[in-house]
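Structure record follows, encoded as structure tokens.
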Amino acid sequence: MKLHVNGRDYDIAVEARRTLADALRKDCGLTGTHIGCEHGVCGACTVIMDGAAVRACLIFAVQAEGAVIRTVEGLAAGGLHVIQQEFVAHHGLQCGFCTPGFLMLAVAAREAEPDLTDAEILDVLSANLCRCTGYQNIVKAVSASARRMRET
Amino acid sequence: MKPCAFIYHRPSGLPEALALLAAHAPTGGRVLAGGQSLVPMMAYRMAQPSHLIDINHIATLQGAAMQNGALVIGTTTRHAAFKTGICPGPLGAMLGFVSSHIAHGPIRNRGTFGGSLANADPASEWCLVMVTLGGRVMLQHASGTRMVAAGDFFTGVMATALADDEMLTEAHLPWGQGDQWGFYEISRRAGDYALAMCLVVYRLDNGLMRDVRLGIGGAEATPRRLAAAEAILAGQAPTGPNFIQAADAAAAMLKPMTDHNVTALFRRDLVRAAVRRALHHSLNHE
Ligand SMILES: Cc1cc2nc3c(=O)[nH]c(=O)nc-3n(C[C@H](O)[C@H](O)[C@H](O)COP(=O)(O)OP(=O)(O)OC[C@H]3O[C@@H](n4cnc5c(N)ncnc54)[C@H](O)[C@@H]3O)c2cc1C
Ligand code: FES
Ligand code: FES
């Protein structure tokens with residue numbers, strides 16, 4: 001089958017039971033997408049499929065055939081994405097395990113709704129778990145990047 | 001945490017899907033909708049289907065439209081589709097508000113209305129909506145169709161009237177004119193399953209409540225309407241003291257579950273609070 005990820009086609013041979021998260025990591029070599037719980041609770045595996053943030057551990061790779069998939073590897077184009085810069089500036093990560101999921105979650109939300117309020121950002125971010133930061137700096141980073149993207 | 005092997009089918013039409021289900025259900029074939037409950041169960045190996053029939057590509061099963069005073073919801077209409085009002089008026093607003101309590105954004109982007117009904121989790125918001133409004137589901141198999149009332153469809157914790165070779169294809173939600181509604185859910189964190197929730201719908205006639213429907217979910221094996229609480233409210237003004245009476249009656253007649261989250265005793269208190277707050281919410285949606 002073919003997976004279309006970050007603008008590139010990957011020809012892979014997988015069993016039907018292979019999740020999209022595993023296929024990205026093991027078959028496409030895109031290990032930026034992390035796997036935490038494998039049952040939909042933590043959000044570490046969040047990717048963008050046809051414009052919407054989804055849990056890659058709850059979709060089989062075969063189901064994603066024909067879809068446009070974006071992972072954290074596709075964010076930086078000629079330099080870090082605004083949201084990545086703000087994560088650095090606001091200390092939005094410590095161990096970094098949850099970071100790819102949070103980045104994709106926030107990017108999808110902001111692309112769907114450019115004028116996210118801080119309350120809406122908090123609601124969006126409640127989808128994912130972080131064991132290190134206590135969330136405050138993630139919220140600050142996402143708010144700051146939303147402001148910057150609105151201004152430019 | 002890896003699912004067991006299965007054979008994947010991606011039909012593009014309903015007859016093809018029903019034929020596949022008829023062929024494979026006897027040997028463990030199952031429908032795959034949003035996968036937001038089934039895939040976790042497969043990861044735990046609690047579910048080990050031999051065949052999965054993916055219904056996400058059947059265009060006729062998606063979307064919702066009003067027909068004869070009822071909203072007809074295609075089974076694979078995703079939770080996220082309800083966010084901004086799937087239909088005009090109070091019904092669309094109510095469904096949008098309720099949908100925001102189901103899990104989180106990325107799960108709502110995949111999970112489906114019909115999948116939630118077929119899954120029949122006691123804490124499912126959509127199951128509560130169906131029972132409270134007196135909805136019906138359409139169940140189809142390769143050689144026939146039947147309509148089942150929501151009250152008869154849910155038979156226990158994650159148990160329904162669906163036969164193995166049957167597919168839920170539509171949900172019908174009736175809605176009267178000018179209805180008032182209120183909803184309140186108690187859960188540990190945003191997006192968690194409800195420990196108790198209440199949906200109330202009524203009509204105001206010269207300042208008095210009529211046609212009151214009050215449903216509780218998350219507390220017993222299946223959601224249900226509480227006739228005693230409805231009777232206390234019917235013909236009365238929507239005031240705090242009346243709301244407290246109804247909440248007390250609801251809490252008294254319920255037989256709440258004890259589970260790893262909370263005891264039955266505590267759940268009874270949560271139901272009382274959820275009923276009172278849902279009734280207040282019906283007066284003020286801010
Ligand atoms: C972290 C997390 C939190 C969640 N929180 C909530 C919550 O707060 N409230 C809530 O209601 N849900 C919650 N869910 C579950 C979510 O709403 C699911 O989407 C829903 O329960 C099942 O819908 P689905 O389309 O994903 O079905 P699937 O997972 O694809 O299927 C579920 C079951 O129903 C069967 N099935 C599906 N569609 C049909 C059909 N048309 N005909 C016959 N059988 C069918 C399948 O064979 C399977 O047995 C949560 C899920 C996760 C992972
Ligand atoms: S790994 Fe997918 S949600 Fe945790
Ligand atoms: S930074 Fe360590 S889990 Fe979030």
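The values are calculated or read from the model by the stated rules, or taken from the named source; none is laboratory data. The structure displayed is predicted, hence computed values, not measured ones. As a convention, Cβ positions derive from the backbone with ideal geometry for all residues, glycine included, and neighbour counts pool all protein chains shown. Just the protein is used for accessible areas: all its heavy atoms, side chains included, with ligands, DNA and RNA removed. Shrake-Rupley method; radii C 1.70, N 1.55, O 1.52, S 1.80 Å.
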Exercise. Of the residues B:His24, B:His101, B:His57, which is more than 16 Å from ligand 3 (Cβ to nearest atom), within 13 Å of another protein chain (Cβ to nearest Cβ) and either touching a strand residue (DSSP E or B) at 6+ places or on another chain (Cβ under 6 Å) or in a helix (DSSP H, G or I) (or both)?
Worked result: B:His101
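The rows are residues; the columns are (1) away from ligand 2 (no atom under 16 Å from the Cβ); (2) assigned by TED's automatic domain parsing to the domain that holds A:Val124; (3) farther than 28 Å from A:Thr152 by Cα.
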{"site": "A:Thr19", "(1), (2), (3)": "no, no, yes"}
{"site": "A:Cys28", "(1), (2), (3)": "yes, no, yes"}
{"site": "A:Val47", "(1), (2), (3)": "no, no, no"}
{"site": "A:Asp50", "(1), (2), (3)": "yes, no, no"}
{"site": "A:Ala67", "(1), (2), (3)": "yes, no, yes"}
Problem set entry | Residue list for segment A:122-152, filter: of a type outside the set (Val, Ile, Thr), touching a residue at least 12 places away in the same chain (Cβ under 8 Å) and in a helix (DSSP H, G or I) | A:Leu122, A:Leu125, A:Asn137, A:Lys140, A:Ala141, A:Ser143, A:Ala144, A:Ser145, A:Ala146, A:Arg148, A:Met149, A:Arg150
Seminar exercise, completed: Those residues of segment B:139-174 that are open to solvent by 40 Å² or more (accessible area, probe 1.4 Å) and more than 9 Å from ligand 1 (Cβ to nearest atom) come to a total of 16
For this session: Select from segment B:75-88 the residues that are surrounded by fewer than 17 Cβ atoms within 10 Å (Cβ to Cβ) and touching a Gly at 6+ places or on another chain (Cβ under 9 Å) and list them in ascending order.
Result: B:Lys83, B:Thr84, B:Gly85
For this session: Looking only at segment B:33-74, count how many residues are open to solvent by less than 10 Å² (accessible area, probe 1.4 Å) and closer than 18 Å to B:Arg108 by Cα.
Result: 8
Problem set entry | Selection status of B:Val200, more than 25 Å from B:Gly29 (Cα to Cα), touching a Lys or Arg at 6+ places or on another chain (Cβ under 9 Å) and in a strand (DSSP E or B) | yes
For this session: Can you give me the ranges of the strands (runs of 3 or more DSSP E) entirely in segment A:1-113 with at least 3 residues that are among the aliphatic types (A, V, I, L, M) and within 16 Å of ligand 1 (Cβ to nearest atom)?
Result: A:52-55
Problem set entry | Failed condition for A:Thr133, given (1) away from ligand 3 (no atom under 13 Å from the Cβ); (2) β-branched (Val, Ile, Thr); (3) surrounded by 13 or more Cβ atoms within 10 Å (Cβ to Cβ) | (1)
